Amino acid sequence: MQFPFTKYCLLFPALLLSQLIWAQAGVGAYRSGFSKTGNTIHFSNELADVRIEFCTEAMIRIRTSWSRRFQENEPWMVARYDWPEVQVKQEEEDGRFLLETSKLKIVVHKAPFAVDIYSSDGKLLSPESRPEANGGAEKEGDAVLCRKQLGPDEHFFGFGERMDFMDQRNKLVKLNVGRGAGRPHIIGAYNVLKANYCPVPFFMSTRGYGIFLHNAFASEWDMGFTDPGAYSFRAEHGELDYYFIYGPRFPAILGQYTDLTGKAPLMPLFALGLHVGTYSGGTWGHEELTSADYVVNLVRKFREAGIPLDVLHLDSTWRVFGKNGGKGATTFEWRETFDDPKAMFDSLYALNINLAGVHIRPRFDNGDKLDLLDQARKLGHTYPEADNPGEFVNFFDPEAVDWWWENGVMKVAELGARFVKTDEGSAFGHLANESDKLGPTGLEAERLHNIFPLAYAKAPYEKFQEFNGMRGMNHTREGYAGIQRYPFIFAGDWPSEWQYFAPVIKAGLNIGLSGVGNWAHCMGGFEHEADPELYVRWCQFGLLSPVAHLFGMDHPGYKEPWNYGEEALQIFKDYALFRYRLIPYLYSHSYEMYRTGMPLMRALVLEYQDDENVYPIADQYLLGSQMMVCPVTTKGAQTRVVYLPEGTWFDYRTGQRYEGKQYVQVLTPLDEIPILAKGGAIIPMQEAMNYIGEKPVDLITLEIFPHGASSFTLYDDDGESLDYQQGEFALTHIACKETAEGVSVHIDAPAGKYEVPVRSYLLNIHMDKAPEMASANGKKLESLPEINSLKGPEARPGWYYDAAEKVLYVRPGGSSHEIIEVNVK
């Protein structure tokens, strides 16, 4: 096996140009101890021990310990440590070891100790060895770091919910849960450069690999910022422990990363419906205006307006603000303005709200009647602070979690709350939003700071899952690597100003590239009153986001859609109904995310990583695999530029065809957000409804944009239980083929353990001219004079072509439990 140095230098010319000399605290030269235990190979060096563990043929874990003692595996970030045996070919040569799997070739240099990683075909992916260098792993005081060479064509994506950039090449990235501090907020809490609500120490490189730093301390990633020929990642304390993941395509990297840190489970089907948050009529400073009546009447207004709604949460003003922590803590005591909370919840469920919950914060507090803080401290269920027993629930202790649930959360759950919004997980060991309190301090608190949001979200997610007897759903603000296991997370508190709208979109793209796909934001913005145009544009994006969440703090508007004029109300309603029609499409992709890690909202680079034109694009995204959404982020814009990647694309509304690899200018009237369908797209839709479960889904409409051969897999299950994890689901394969003779559509019967109720299909086939004939399962269909003959209870098999819309409507008839074959000529 040969790895020529000349090829190395051609790929990385910075090796010959850069004269930087790195710090001397490396691991030294290899000394002894080359051995293999299971999948792990051990090396003992002059200054540190190194372990290389082969998790799979394409993923390795590299750990370095200067103390020569390796830490125990932690349970928060990584969900899997047990891996099957990997076949590794080992060879020792003068000056180096060679390790090879079916996917990777690894060269371990002895002096100085350094690791270079190649693909199986010899492409250099990730080199550490370099003249004038001491290898890749280093220790600087308490900090640990790894330096690697930066390829001339290499670009980096991921790092969590970043609002600054997409491509982080030549950037300095700091990861530590929190947000900007200081006043005024516009350069503090609202500083998009400091936004770190959900950092994830993971990136994907366009050279075909990813790196996950398995360390919970604050980290810094110099991605060519200091030295254009190198990048490094550094943690302030702890062990140098990272995973190298080879794809080479981004979806494969993301799939392996989420194998490691956990796949996102399916939420209840209704979680894909509209979520609304409310301050119950009285935000901060107006708490006396809160009431149960406001909450119930809010839902009634949605129902009367014909706007669908499924999930509701009451934000912080439902509760008494306590004597110790004020707004920043939770008393679990209802404000006196809520005279009968149980009756309120009963009314909400009678109005067919599928899930209602309340906002909490992670500190206990004493209220007017309850003294949960005092009780918890006496029992040792708070996390100790420097000079007191602490206020934070110790979510790392199962006994403390049980006590918090039984004595705190159950006080609202027994009345009807079925989930909580876990806010301000960043406050553990960090300044809280509205407080000068720091919470726990010291080295252990620093280690736990970033994983506290995981423990905080995990507790109610699992407890309510058991209590409700259905899939879990938690609504949280902060996260870290692994937060995708407890969906969902939202983007935080961004004002209703145009300058924050585009960065929020960017946050959604970056977090999806980091393994977290169930993501939301406060559509319309959170604080401040939005102008009606911004409200419309933000809500259009929000209703085409993975989770649709409407919530605002501004009094008295609260982002309720009837407060922004008749036009805004109608547009909001239209897009909400459109979202509900898309539920089969969105749910099928939720299952894909559970299975593969692919998010619903996809940065273009995720599927087009070889196209450098997509690297900076932060205002377009793929919604699932078939649709591209292009939000309008400029006030007053009547057009916008859209980049079309390789392939054929169709305007979703008009059917206009475009070829890819070009920029196009598209019209953007206020009531339209540009949507394009991939050539060959098959988009399953249902009838709109006021809430999920209102009526049976007995008709599936397939929006089809024929181009070549294409397919889609429609997913079905019971929508609530965990049985899907045991195989209780069904998949319906749908295929379309366009040829010179015409278009054929093949729909299989559902396959799987779950019995799908009988349903009908309506095909909306986008084509330029009317066909001469259409048939279903070999039987010629009747050409009908109007489209209404294909819809409603009197619908019958047949076809109708709308020349103005250029859409062929086909009702094939037959049973959905049998194969349906439609041919159009």
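The values are calculated or read from the model by the stated rules, or taken from the named source; none is laboratory data. Source: prediction; values computed, not measured. All Cβ positions, even for glycine, are placed from backbone atoms using ideal geometry, and neighbour counts span all protein chains on display. Note: accessible area is taken over every heavy atom of the protein model, side chains too, but ligands, DNA and RNA are not part of it. Shrake-Rupley method; radii C 1.70, N 1.55, O 1.52, S 1.80 Å.
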Note down the net charge around Glu74, summing +1 for each Lys or Arg and -1 for each Asp or Glu among other residues with Cβ under 12 Å from its Cβ.
-2
Ratio Rg/Rh, restricted to region 169-213 and using Cα atoms, in which Rh is the Kirkwood radius
1.11
Are there any trypsin sites (Lys or Arg not before Pro) in region 587-638 that are in a DSSP loop and have at most 11 other Cβ atoms within 10 Å? List them by number.
Lys635
Under a Cβ-Cβ cut-off of 13 Å, what is the net charge of the residues other than Lys369 that fall near it, where Lys and Arg count +1 and Asp and Glu count -1?
-2
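Add -39500 (n - 2.57) for each DSSP H run of 4 or more in the chain, then divide by its residues: what number comes out at 222 nm, to the nearest 500 deg cm²/dmol?
Details: 15 runs with 150 residues, N = 825.
Helix-only estimate at 222 nm: -5500 deg cm²/dmol.
Tell me, what are the semi-axes, in whole angstrom and largest first, of the equivalent ellipsoid of the chain as set by the roots of 5 times the Cα gyration tensor eigenvalues?
Numbers: eigenvalues 382, 279, 113 Å².
Gyration-tensor ellipsoid for the chain: 44, 37, 24 Å.
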Amide H of Arg319: which non-local residues (sequence gap of 5 or more, or other chain) have their own amide H closer than 5 Å, using H built in the peptide plane?
Arg335
In the structure shown, of Lys139/Lys421; Lys369/Lys463; Lys110/Lys506; Lys506/Lys791; Lys678/Lys791; Lys148/Lys437, the pairs separated by more than 31 angstrom at the C-alpha atoms are Lys139/Lys421; Lys110/Lys506; Lys506/Lys791; Lys148/Lys437
Cα to Cα, under 15 Å, and not fewer than 8 places away if on the same chain: which aspartates and glutamates meet these conditions relative to Lys105?
Glu53, Glu57, Glu91, Glu92, Glu93, Asp116, Asp121, Glu128
Which percent of the accessible area of the chain is formed by carbon and sulfur heavy atoms (probe 1.4 angstrom)?
49
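How charged is the neighbourhood of Pro750? Take every other residue with its Cβ under 10 Å from the Cβ of Pro750, and add Lys/Arg as +1 and Asp/Glu as -1.
Once positives and negatives cancel, what remains is -2.
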If only Cα atoms are counted, what is the Rg of region 195-313, and what is its Dmax, in Å?
22.7, 63
Share of Cα-Cα pairs in region 722-769 beyond 19 Å, whole percent, is 45
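Per residue, how much accessible surface does region 666-734 expose to a 1.4 Å probe? Answer in Å², no decimals.
Working: 2480 Å² over 69 residues.
I get 36 Å² per residue for region 666-734.
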Excluding ligands, DNA and RNA, what is the solvent-accessible area per residue of region 212-362 at a probe of 1.4 Å, expressed in Å²?
27
At 1.4 Å probe size, put Leu289, Leu372 in order of accessible surface, largest to smallest.
Leu289, Leu372
Under 16 Å from Lys36, Cα to Cα: lysines that are on another chain or at least 8 residues apart
Lys89
For Cα pairs less than 8 Å apart in space and 6+ apart in sequence, what is the mean separation divided by the residue count of region 720-825, i.e. the relative contact order in percent?
32
